[in-house]
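> Quick one: this structure, given as structure tokens, is what I'll be asking you about.
The values are calculated or read from the model by the stated rules, or taken from the named source; none is laboratory data. Note that the structure is predicted; figures quoted are calculated from it, not measured. Every residue, glycine among them, receives a Cβ derived from its backbone with ideal geometry; neighbour counts consider all protein chains shown. Calculation scope for accessible area: heavy atoms of the full protein, side chains included, ligands and nucleic acids excluded. Shrake-Rupley method; radii C 1.70, N 1.55, O 1.52, S 1.80 Å.
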Amino acid sequence: EQLFQIEEGLTQKQIYDRLRLAGILRDWMVGHLFMGESICPVRLKFIANLKAMPLLYDHTPMRPHPLIRRYPLLKNFNSMPLEALFYVAAFRKIEDLKTSDDSPFAHAFYLYLLILGFFNKLVVQQTEQNGFDQFQKITVNGVRSASERTYLRRFDQINGNQCDYLGFIEGRFSPQKSASKNRRLIKNILQGFAKHLQDKDFDFDQSRDISKKSEERLQLRLTAHFIKKADKVEEQGIKVRHHHLRLELEQKGQALLAARLNSGIIKKYVTGIDAAANEMHAPPEVFAPIFRLFRRRGFVHFTYHVGEDFVHLISGIRAIHEAIHFLDLRAGNRSGHATAIGIDPKLWLSVTGGRVVLTKQEWLDDLLFAYDRLKEAKERPPHISLHKIHDRIEELGHQIYKRHLPITILKKAWAFRKIDPLVACYTERNRTEKLIFEDQDEWGTVIKARKSHAEALRLFSEYHQAAFSKRGAELIEADHKLFNMESLLELQRSVLQDLHDRQIVIESMPSSNVRISFYNDYSQHHIWRWLERKGEPSPAVCLATDDPGIFATSIFNEYAHIFEGLTMKEGKSSDEAMTILKRLVINAKTFRFK
């Protein structure tokens, strides 16, 4: 899909041939610039024909930079500064050319840049591409894997050529399914970091940590980044939603804890737990058991990426609420993105065109959440009918579960979703649960729920059964007339108040939001609403990059976008803008996962 977006009919063989051509062109140009070798116009014209080029020129794309082959003393430099040196020399050469010159070098360099621009589309999300699916195509295409085997180049890229760009890096890695694979992955990351710092004493196997002197320049901490995946509801014998993902999270969580058990270095560097990826694939409830597991094992730093991509605005607001309460986020924890409680509802409605199609179950959940929040609001929005919302909730409940269900039971069953259904819905696991997971208290939670709200727990169990989930998956159109702008703003404010009261930090990522969410440019971003603090709850905000490679950004760029917006859009003076940026920096230092 990604290749055909770039160029219809594009094949991997064509990509490989273009990379080979780029390698040959760079060899010729480096020889011309630094060794005085000539570029033959006839040969250049000939190899530009990709069909003829492979027959005559052998080139291995991953061999060292041509500057290293010509100057062996440069072997300790990685390719980034060498490529920069090549560009400086190339542009100087072009500046010396006369306008009328028909230079083979200029032709070669132009073709080289065309190939670079083409390849860039495989690793950087383009401005015309929007949404999480576009982002995810790049994360899974494997193109970046070759450059990430040692991680040194990633640290060099993040921290800049002078290696004094940052004071603290919080990196994310995806946990593996065995303790040995986790150790190997973390070892590779830390070895790359030690090489970046030129700390020769670091030895992961001998438990020799990075020196304190090196850490004074730059610190690193890692957050385990569990991935949301789509449910496999078509398989027979599956009793709970996201059955496979829940089992995978169990396995990876235990494997990470095992890797950390006897390693002081891993304990020091792996300090946070996160869950991210496509929000449409898995809701917060799926990650509640694994978050509880790590909290019981001593972790205090948690974040959850939520409310960036959503079908309906209320769905996005509800997802943030569920992340707070199902995952038991506490003071100092973070909510990543949280776009749904920042975006202007009018902007969202204009982007969606006023018509939203979603599943019956999702709309039922949205209505339950909205009804509960609006009913408890200190100042209920005018012209909002809670009776109509109430009636629609009971109607949808009857359509899905084929019986009348009071709203109190529906609400309690929804609240029970933080319970682990692998325990609550699998009677064969009940006995082993007490023996194997004694410290998790999951079984005790189920027993308590059964005694206090048996009917709601029964409904919770039905929610996970195939027959009910199939009916809940039927598509309907959202009833927009049930809500007005004031009610949507009140729902946003109520969740903002939750974050504020619990001292949960919003981790805002402007570039990611512009590419994935509902915005055309940075001026539309919701962060201005949070920074202005005009009579609304004001949780702390800090900036992050999300994936700096795919979004072609850095933390410096994110601060620069905010500074530009404050001065150009909001009319702040430079001093006023810098005061706000300093507050964001203080928040980042205060709430980092150290």
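> Could you give the length gained by full extension between Arg69 and Asp441, i.e. 0.36 nm per residue of separation minus their alpha carbon distance, to one decimal place?
Roughly 127.8 nm would be gained on extension.
> Arranged from highest to lowest average of other beta-carbon atoms within 10 Å per residue, in what order do the peptides 66-77, 217-228 appear?
Most protected by this proxy first, the peptides run 217-228, 66-77.
> Per-residue ellipticity at 222 nm for the chain, helices alone: DSSP H runs ≥ 4 residues times -39500 (n - 2.57), over residue total, nearest 500 deg cm²/dmol?
So the helix-based figure for the chain works out to -16500 deg cm²/dmol.
> Cut-off under 18 Å on the C-alpha distance; same-chain residues fewer than 8 positions from Lys378 excluded. Which aspartates and glutamates are left, in chain and number order?
Result set, ordered by chain and number: Glu486, Glu490, Asp498, Asp501, Glu536.
> With a 1.4 Å probe and all protein chains kept in place, how do Asp365, Asp96 rank by accessible area, largest first?
Of Asp365, Asp96, the descending order of accessible area is Asp96, Asp365.
> For Lys252, give me every one of the aspartates and glutamates with a C-alpha distance below 14 angstrom, ignoring sequence neighbours fewer than eight places off in its own chain.
Within the straight-line cut-off, Lys252 pairs with Asp274.
> Scanning the chain for GluC sites (Glu not before Pro) in DSSP loops with at most 11 other Cβ atoms within 10 Å, what's the longest stretch left with none?
The longest such stretch corresponds to 236-378.
> Still on this structure, please answer the following. Evaluate E = 1/(1 + (r/R0)^6) for Met80 and Leu114, where r is the Cβ-Cβ distance and R0 equals 22 Å; express this FRET efficiency to the nearest 0.05.
Using R0 = 22 Å, I get an efficiency of 0.60.
> Let me ask something additional. Return the FRET efficiency for the residue pair Arg403, Phe4: r is the Cβ-Cβ distance, R0 is 56 Å, and the value is rounded to the nearest 0.05.
So the FRET efficiency works out to roughly 0.70.
> Then there's this: Using 1/(1 + (r/R0)^6) with R0 = 60 angstrom and r between the beta carbons of Glu394 and Ser103, what's the FRET efficiency to the nearest 0.05?
The computed FRET efficiency comes out at 0.20.
> Could you name the lysines in cross-link range of Lys589, using Cα to Cα under 16 Å and dropping any fewer than eight places away on the same chain?
Leaving aside lysines fewer than 8 places away in the same chain, none come within reach of Lys589.
> Listed here are the pairs Lys181/Lys267; Lys229/Lys411; Lys228/Lys412; which of them are more than 18 Å apart at the Cα?
Flagged as over cut-off: Lys229/Lys411; Lys228/Lys412.
> With unit charges on the beta carbon (Lys/Arg positive, Asp/Glu negative), name the residue among Leu327, Ala48, Asn182 whose Cα is farthest towards the positive pole of the charge dipole of the chain.
Asn182
> Additional query: Quick one: Debye curve from the alpha-carbon atoms of the stretch 312-396 only, equal weights, vacuum; give me log10 I(q)/I(0) at q = 0.12, 0.21 Å⁻¹ to two decimals.
For the stretch 312-396, the Cα-only Debye profile gives -0.43, -1.23.
> Oh, and also: Determine the dipole magnitude for the chain: charges of +1 sit on the beta-carbon of Lys and Arg, -1 on that of Asp and Glu, nothing else is charged, the reference point is the Cα centre, and the result goes in debye to the nearest 20.
1700 debye
> Counting only pairs 8 or more places apart or on different chains, how many lysine pairs in the stretch 1-160 have C-alpha atoms closer than 25 Å?
Taking the Cα cut-off of 25 Å, the pair count is 9.
> Going down the list Lys200/Lys594; Lys360/Lys481; Lys177/Lys200; Lys346/Lys594, which pairs span over 28 Å between their C-alpha atoms?
Exceeds cut-off: Lys177/Lys200; Lys346/Lys594.
> How much area per residue is accessible in the chain when the probe is 1.4 Å and only protein heavy atoms are counted (Å²)?
I get 49 Å² per residue for the chain.
> When only DSSP loop residues count, what trypsin sites (Lys or Arg not before Pro) in the stretch 331-395 have their Cβ near at most 12 other Cβ atoms within 10 Å?
Passing both the DSSP loop test and the Cβ count: Arg355, Lys378.
> For the chain, give me the percentage of DSSP beta bridges that are antiparallel, rounded to the nearest 5 percent.
Given both bridge residues lie in the chain, the antiparallel proportion sits at roughly 15 percent.
> Ignoring ligands, DNA and RNA, what percent of the accessible area of the chain is carbon or sulfur (1.4 Å)?
For the chain, the apolar C and S fraction of the accessible surface comes to 53 percent.
> Then there is this: What's log10 of I(q)/I(0) for the stretch 216-277 at q = 0.17 Å⁻¹, Debye sum over Cα points only, no solvent?
These q points yield log10 I(q)/I(0) values of -0.70.
> Given an 8 Å cut-off on Cα distances and at least 6 residues of separation, report the relative contact order of the stretch 191-274 as a percent.
It comes to 33 percent, rounded to a whole number.
> Note down the nm distance, to one decimal, between modelled labels 7 Å out along Cα→Cβ at Glu536 and at Asn484.
If labels sit at Glu536 and Asn484, their model points lie 1.9 nm apart.
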